[in-house]
1. Just to be sure I understand the filter: pairs with C-beta atoms under 8 Å, separated by 6 or more residues or on different chains, first member in the range 51-78 and touching a residue at least 12 places away in the same chain (Cβ under 8 Å) and farther than 15 Å from GLY30 by Cα, second member acidic (Asp, Glu) and open to solvent by 70 Å² or more (accessible area, probe 1.4 Å). Which pairs pass?
2. Taking only the range 78-97 into account, find how many residues are more than 30 Å from ALA152 (Cα to Cα) and either charged (D, E, K, R) or modelled with pLDDT of 85 or more (or both).
3. Determine if the range 120-130 includes at least one residue that is loosely packed, with under 14 Cβ neighbours inside 10 Å, closer than 24 Å to GLN97 by Cβ and modelled with pLDDT under 95.
4. List, please: which pairs have Cβ atoms under 6 Å, are six or more places apart or on different chains, and start with a residue in the range 117-129 that is over 16 Å from ALA93 (Cα atoms) and end with one that is open to solvent by 40 Å² or more (accessible area, probe 1.4 Å) and outside any strand (DSSP E or B)?
5. Just the residues that are acidic (Asp, Glu) and either under 22 Å from ASP141 (Cα atoms) or surrounded by 10 or more Cβ atoms within 10 Å (Cβ to Cβ) (or both), please, taken from the range 84-119.
Amino acid sequence: MGRDPKTVRKYIERGIEAPVYGPRPVGRPGKLTAYLDFIRERVARFPELSAARMTREIRALGYVGAYTAVKRHLAALRPDNGPKPYEVRFETAAGVQAQVDFARFVVTSTDEPATSRIVWLFSLVLGHSRFIFARYVLHQDLQTLLRCHIQALPHSAACRSRSSMIA
């Protein structure tokens, strides 16, 4: 059998026994148990506290366990509000607000394939109607910014008057 004779003799003397399996003991203390009150208190005060930060804080108090245990416990503590929205819609009244931005593009002309140029896209978006005014420009300086605003204002005013006629 490939076993030590004393081991075989021990099991023969015991007789045939069915193996005893049972549930594992409930509530056995883990490495995190001593820090649970501290974690609950910190999460109550700072709900957005990350698991990495919490692990650093309790390690300073003597915790020697794993980061994943802290991460799992924090996930269980925090209320499940679902995923955070990527963007919160910001509503404004007509004529109150517009957002302006420049986007950078590197363009290669078919006339000169070896030459690349940087072209900027100026965009102005009205907050109420989401009307977009856009122009490609060669510079991103104050003069260009002001000139694009001056060009955009008559278009945005026309858009605002059209939206008031519709409503």
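1. Once the first residue is touching a residue at least 12 places away in the same chain (Cβ under 8 Å) and farther than 15 Å from GLY30 by Cα and sits in the range 51-78, no partner that is acidic (Asp, Glu) and open to solvent by 70 Å² or more (accessible area, probe 1.4 Å) comes close enough.
2. Result for the range 78-97: 3.
3. Yes.
4. Here the result reads TRP120/GLN140, each pair linking the range 117-129 to a residue that is open to solvent by 40 Å² or more (accessible area, probe 1.4 Å) and outside any strand (DSSP E or B).
5. Of the range 84-119, the ones acidic (Asp, Glu) are 87, 91, 101, 111-112.
Passing the criteria: only ASP101.
The values are calculated or read from the model by the stated rules, or taken from the named source; none is laboratory data. Predicted model, so just to flag it, every value in this text is computed and none were measured. Positions of Cβ are generated from backbone atoms using ideal geometry, with glycine treated the same way; all protein chains shown enter the neighbour counts. Each accessible area value is taken on the protein alone, full model and side chains, heavy atoms only, with ligands, DNA and RNA left out. Shrake-Rupley method; radii C 1.70, N 1.55, O 1.52, S 1.80 Å.
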